[in-house]
Every structure is written in C-alpha cells, then in structure tokens.
Amino acid sequence: MIFQTQYKHHELFMPPFLDGSISKERIDDAVRRVLRIKFELGLFDQPFIDENEAAKWVNNSVHKKLAREAAAKSFVLLKNSQEVLPIQPAVRTIAVIGEEAVKGRLGGYSGPGNGVATILDGIKAAAGKNRKLIYSKGASVQSDLFSVIPSENLYTDNSGSTRGLMANYFNGLEPGKSLVKIKKVNELNESYTFMSPDSTLDANHFSVRYTGYLVPYKTGKYQLALEGNDGFRMYLDNRLIINQWSKLSYRRSIVSLLLEKGKQYAIRVEFYESKGNAKIKLLWNRAVTDSTDRLIADAVAVARQSDLALVVAGIHEGEFQDRARLSLTSNQEKLIEAIAATGKPVVVMLTGGSAITMEKWLNKVNGVIMLWYPGEEGGNAVGDILFGKKNPAGRLPITFPISEGQVPLVYNHKPTGRGDDYHDLSGEPLFPFGYGLSYTDFQYSNLRFSNDSLSETGEINIFVDVQNTGKKEGEEVVQLYVNDFLSSVATPVQSLADFKRIHLVPREKKTVVFSLSSKLFYLINKERNAVFEPGLINIMIGKNSKELLLKKKLMLWKSE
C-alpha cells in the first residue's frame with residue numbers, strides 16, 4: 001500500500017494510522033480479522049482460480065434459475081387497486097413505457113452482467129403470442145439534457161492532433177502564478193473529494209487553468225455550462241462568457257450561443273478552490289431532438305392504444321451519487337401523470353436501491369411495484385409476477401416517507417415525547433417498514449406463548465396461526481416485533497425480533513413458531529454493561545411495522 005503525504009499550512013502531516021494516534025494493537029486487531037477471513041477462504045493456499053472451472057459457471061443455467069427466483073422474491077407490491085394485477089386474460093394489448101424497461105439494471109459494483117434479461121424482454125416472453133406489446137421510451141432516469149463535453153470535441157491545440165484539454169495546476173488561488181503541474185485531461189469532469197490534484201498542492205488552496213479548442217459536431221444553437229462548487233469562469237476566443245468567480249455554492253452557470261460545425265473555438269476555463277472538496281465540469285446541451293414533451297406525447301399515443309400501461313421508472317444513485325430529493329426526476333413524474341390522464345389502467349414499476357416519494361402521482365395510478373435492482377434474470381422475474389406465475393411477497397426493508405421533510409423516518413426510533421404530525425403533513429410514512437401486498441389474503445389468530453414469563457437464561461416459543469383466506473396460493477412474511485414497556489435507558493418504540501416467510505395454498509392454515517432467547521432482551525445500560533432488566537415486554541405480531549394484528553405481554557424475571 002502506498003501512502004501519500006500532503007502539506008497543510010506548510011507542515012507535513014500523516015493519517016492517524018501512521019502518526020501514532022491509533023495504537024499498533026488496534027491496527028493489528030483490524031488486520032488480523034481481515035486476514036483470518038482470507039485464510040478461511042483458502043486464498044493463501046490457492047491464490048489463483050482455475051479459469052476453466054470459473055468459465056463453466058458464467059451464464060450457468062443453475063445460477064440463472066436462482067437469480068430469477070431471488071428477483072421474484074424481492075419485488076414489493078406497494079399498490080394494487082381494483083386488482084389490476086396479475087394481468088388478466090382480457091388484457092390483449094399492453095403498453096410498456098420508459099427507458100428503464102430496456103436498461104437491465106444490476107446495481108452498483110456489478111459490472112455489465114451476462115445474458116441480461118431486460119424488463120421488456122421478460123414481459124414479451126411472459127405475454128406470449130396472443131398479446132400485443134407496444135414499447136415507447138417515454139422518459140429516462142436522467143432528465144438533464146446537459147452532458148460532459150467529450151474528448152471527441154476537444155483538442156489541446158489548433159493542430160487538431162491531440163484530443164482533450166491541457167490542465168495547469170497552481171499553488172494558490174490565482175491561476176497563472178506558482179505553476180506546480182501540467183497534464184492532459186480527456187474531458188473536464190474533475191473531482192477532488194479527499195485530496196488535491198497533486199501532493200504538493202494544499203487541497204484547500206489551489207487553482208487550475210484548462211486550455212484547448214472546442215470543435216462542434218454540427219452547426220446550431222448550443223448551451224455551454226460550467227458546473228461545480230464555484231468560483232469558475234470560461235473564455236471562448238478570449239471573450240469572457242461565464243463569470244462566477246466568487247465562492248457561493250455548488251451551481252451550474254449556462255450561456256447560449258451559435259456554434260459552427262468544425263470550427264475551432266479557443267476555450268479557457270479557470271477554477272479555484274479555497275475550502276476543499278473541489279468539483280468542476282464543462283458541459284453542453286447539443287440541442288438534441290428527443291425533447292421531453294415529444295417523448296411523452298409518443299408514450300401517451302402508445303398508451304391510448306393499450307388495455308394496460310406498464311410504466312417503468314427509476315432513480316440514479318451510487319457511491320458519491322447521493323440524492324437531495326427522493327422523488328423521481330421531473331420528466332418521469334410528468335410521464336406518469338400524462339399516462340394516467342389517458343384513463344387507461346396504469347402500473348408503475350420502480351427500479352433503484354432506496355426510498356422513492358410518490359406524492360404527485362400515487363393516487364392517479366392503479367398499481368406500484370418496487371423492483372429494486374432486479375439483476376440478470378430480473379426481466380423474466382417481472383414477467384412471472386405480472387402474469388401471476390409467481391405471487392409477490394417481498395417486504396420493505398426501509399421506510400418510505402411521504403416527503404423528504406420527514407427524513408430521518410424509521411420504525412424503530414427512540415421515544416421522543418413529541419407528536420407524530422407536522423402542521424402541514426402527517427408524520428406517518430407513505431409505506432412502513434416491512435410493508436408489502438400479495439395477490440391473496442392472510443388472516444392471523446391465536447397468539448400464544450409456551451410460558452408467560454422468561455428468565456435471564458431461558459428461552460420461549462411464541463406461536464401464531466396464519467391462514468390463507470384468499471383464492472390464490474402465496475407467501476406471507478409473518479413479522480414479530482417487541483417493545484420494552486419500562487427500562488433504565490431509552491429503547492426503541494418497537495424492534496423487529498424475528499420473521500418467517502411461509503407458503504400457503506388457499507384455505508391452508510399453519511402455526512408459525514418463533515423461538516426467542518433471553519439474550520434478545522438484554523440491553524446496554526448507562527454504565528455500558530449488558531443487563532437483563534425485569535419487567536413487561538410487549539410481543540406484537542403483524543404484516544408490517546404498522547399493521548400489528550396481535551399483541552400479548554411477556555414478563556421478564558430475574559432469578560436470585
């Protein structure tokens with residue numbers, strides 16, 4: 001491992017693991033645990049894999065089957081009014097709308113995948129030959145028409161031989177003085193979150209000048225933009241066209257102008273950083289023809305021809321890609337509202353890894369399914385769920401808020417003494433932790449314990465009867481929550497203690513058994529010791545953290 005040192009206020013400093021502030025014993029302990037896992041995996045005995053053996057498992061049918069099953073089990077049905085799902089035989093023409101339908105979302109750190117079945121692929125396969133499918137792009141996750149100017153349109157000098165820009169880095173806030181480093185960048189999209197561009201530059205006190213030539217790919221009206229945590233400025237043919245030299249906040253500054261195809265425009269961008277966390281981008285809007293309004297109009301026309309519209313939407317996220325808003329992008333929300341206005345039944349399918357607010361459109365659609373990142377076989381799993389081959393039974397592992405103003409919003413918060421409402425909004429979630437619907441119904445009854453009390457070394461069995469009272473077979477996720485009535489330190493208002501996923505055919509009843517150890521009820525007191533405190537515990541069984549159907553008190557006691 002190579003460690004870089006930096007100068008801060010002209011003094012050499014080192015990270016805590018080198019400067020002695022973290023003990024050698026603590027570091028050894030952390031390293032030891034990592035190495036132990038590697039030893040247990042045999043990485044030191046066989047550091048290299050058998051490439052022929054590995055190749056056998058790429059696109060293997062066993063893995064494909066497992067991926068399809070896992071995806072179907074993860075989908076969460078959030079709304080299903082008028083039993084719009086599963087899709088009935090009378091539905092002959094289906095509109096599939098949204099660029100997400102053809103993306104094949106796998107999630108971060110997953111690579112391109114192998115033999116990815118998109119959502120559109122899966123719906124086509126499941127629909128069969130007797131149904132007609134019509135696809136329209138409609139909208140994409142990204143609503144921004146701006147993009148980073150690529151290296152194909154940038155040259156370091158007027159010879160046109162080398163693509164990119166030349167970056168000059170200066171030690172100080174005034175570009176042009178105290179030059180430290182020169183390098184070529186393919187495009188102007190730089191970010192220095194934890195460091196500076198060079199070890200000799202202070203991350204909180206440097207400037208950069210980017211120079212070269214911009215060559216448009218066609219003649220037309222363009223919008224050029226600089227985006228970053230200003231100050232920045234841009235010159236085109238030595239004319240100042242963007243000037244945001246004072247440090248205010250992260251922003252985008254835009255200028256509109258006419259550019260000619262193939263003409264070389266001398267471009268100079270200057271940027272300085274006086275606080276750290278430097279970011280600067282050179283963008284353009286190339287006057288694309290796929291405008292939001294036209295795409296939505298095409299999608300509406302497709303929806304009008306259908307018996308059912310399936311809109312696939314999603315969110316952009318990832319490492320260093322946090323979102324300030326939890327809603328879909330404005331173009332996707334506009335799309336959903338426009339499709340719903342046709343009067344056709346609408347089901348919205350959502351991709352992504354976090355909560356999504358739906359205030360603008362939830363009441364206008366018939367169904368909503370959270371697909372998360374469905375994986376390589378996700379499209380086929382979607383087809384299984386939509387057409388009733390599988391019954392959805394996924395449950396939310398997070399709370400979905402109505403508005404960002406409610407965040408943080410969790411089911412297992414500590415008691416606060418405040419009410420649950422804002423003056424302009426309920427404090428209740430849009431969808432609670434553990435929530436998820438099914439194509440059938442389940443009834444809970446007869447909550448009982450093997451004992452009415454539990455000692456600090458004991459165990460207890462908790463029983464509840466669950467019956468499928470609907471017309472379809474399916475799975476139910478039975479959830480057990482606990483609450484400590486009185487304790488020496490604050491404990492959550494409720495905590496998920498256990499859950500069981502069970503399969504039931506129509507009219508079938510099963511007794512679900514939860515085995516709880518006394519260890520579950522130990523808490524850390526104010527002296528930071530693990531203690532078992534006598535008192536009453538509320539045992540709650542239900543379908544989610546809000547729909548707690550059965551409750552019974554358990555007495556904790558401590559033997560002398």
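Quick note: the coordinates plus some simple rules give every number you see, no bench work behind them. Model, not experiment: these values are computed from the prediction. Note: ideal-geometry Cβ built from the backbone for every residue, glycine included; neighbour counts use all protein chains shown.
Can you give the extra length, in nm with one decimal, that the chain gains between Asp157 and Asn130 once fully stretched, where that is 0.36 nm per residue apart less the Cα-Cα distance?
Value of the extension gain: 3.7 nm.
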Inset, instruction - Please compute the net charge surrounding Pro401, taking Lys and Arg as +1 and Asp and Glu as -1 over other residues with Cβ under 12 Å from its Cβ. - result: -2
Legend entry - ³J(HN,Hα), Karplus 6.51/-1.76/1.60, whole Hz, each residue of segment 203-220, x for Gly, Pro: 4, 9, 7, 8, 9, 9, 10, 10, 10, x, 10, 9, 10, x, 8, 7, 7, x
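Treat the count of other C-beta atoms within 10 Å as a stand-in for reagent exposure and order Tyr169, Tyr373 from fewest to most. Please report the intermediate quantities before stating the final value.
Working: Tyr169 20, Tyr373 17.
The fewest-first ordering by Cβ neighbours comes to Tyr373, Tyr169.
According to the square roots a ≥ b ≥ c of the eigenvalues of the Cα gyration tensor, what is the shape class of segment 442-557, taking rounded for a/c under 1.5, prolate for a/b larger than b/c otherwise, and oblate for the remainder? Walk me through the numbers on the way to the answer.
On the way: a/c = 2.80, a/b = 2.21, b/c = 1.26.
Prolate, because a/c is 1.5 or more and a/b exceeds b/c.
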Inset, instruction - Sum up the charges of everything whose Cβ sits under 13 Å from the Cβ of Pro175, counting Lys and Arg as +1 and Asp and Glu as -1, but leave Pro175 out. - result: +2
Legend entry - Low-density loop positions, trypsin sites (Lys or Arg not before Pro), segment 76-150 - DSSP coil, at most 14 other Cβ in 10 Å: Arg92, Lys129
Inset, instruction - Express in nm, to one decimal, how much length is gained between Lys184 and Arg448 on full extension, taking 0.36 nm for each residue of separation and deducting their alpha carbon distance. - result: 87.9 nm
Inset, instruction - Neighbouring Cβ atoms within 10 Å as the yardstick, rank Ser110, Ser61, Ser545 fewest first. - result: Ser61, Ser110, Ser545
Inset, instruction - In nm, give the distance between the simple-model label positions of Val410 and Ser487, each being 7 Å from the Cα along the Cα-to-Cβ direction. - result: 1.3
Inset, instruction - Round to the nearest 10 and give me the degree value, 0 to 90, for the angle of helix 330-340's Cα axis relative to the longest principal axis of the chain. - result: 50
Legend entry - Per-peptide average of other Cβ atoms within 10 Å, ordering 509-522, 425-438 highest first: 425-438, 509-522
Inset, instruction - Give the long-range amide H neighbours of Lys543: residues separated by 5 or more places, or on another chain, with amide H under 5 Å away, using H modelled in the peptide plane at 1.01 Å from N. - result: Leu549
Legend entry - Asp498 long-range amide H proximity, modeled H, under 5 Å: Leu480
Inset, instruction - Give the order of Thr440, Thr469 when sorted by the count of other beta carbons within 10 angstrom, beginning with the fewest. - result: Thr469, Thr440
Legend entry - 5 angstrom amide H check on Ala278, placed H, neighbours 5+ away: Tyr192
Legend entry - Inter-label distance for Glu359 and Glu508, nm, one decimal - labels placed 7 Å from Cα along Cα-to-Cβ: 4.3
Legend entry - Neighbourhood net charge (14 Å Cβ-Cβ; Lys/Arg +1, Asp/Glu -1) for Val31: +3
Legend entry - Under the Karplus curve 6.51 cos²θ - 1.76 cosθ + 1.60, θ = phi - 60°, whole-Hz ³J(HN,Hα) for segment 112-120, x wherever Gly or Pro sits: x, x, 10, x, 5, 8, 6, 4, 5
Legend entry - Inter-probe distance in nm under a simple model that places probes 7 Å from Cα toward Cβ, at Arg239 and Ser559: 9.0
Inset, instruction - Would you mind checking Lys64/Lys124; Lys334/Lys364; Lys65/Lys510; Lys137/Lys261; Lys389/Lys471 for any pair whose Cα atoms are more than 21 angstrom apart? - result: Lys65/Lys510; Lys137/Lys261
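How much length, in nm to one decimal, is gained on full extension between Phe44 and Asp293, taken as 0.36 nm per residue of separation minus their Cα-Cα distance?
Numbers: separation 249, 0.36 × 249 = 89.64 nm, distance 5.82 nm.
Contour length minus the Cα-Cα distance gives 83.8 nm.
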Legend entry - C-alpha long axis of helix 61-74 to longest principal axis of the chain, angle in °: 80
Legend entry - Candidate aspartates and glutamates - alpha carbon under 13 Å from Lys221, same-chain residues fewer than 8 apart omitted: Glu260
Legend entry - Sum of -39500 (n - 2.57) over DSSP H runs of 4+, divided by residues of the chain (222 nm, nearest 500): -4500 deg cm²/dmol
Legend entry - Degrees between helix 292-304 axis and first principal axis of the chain (Cα, 0 to 90, nearest 10): 40
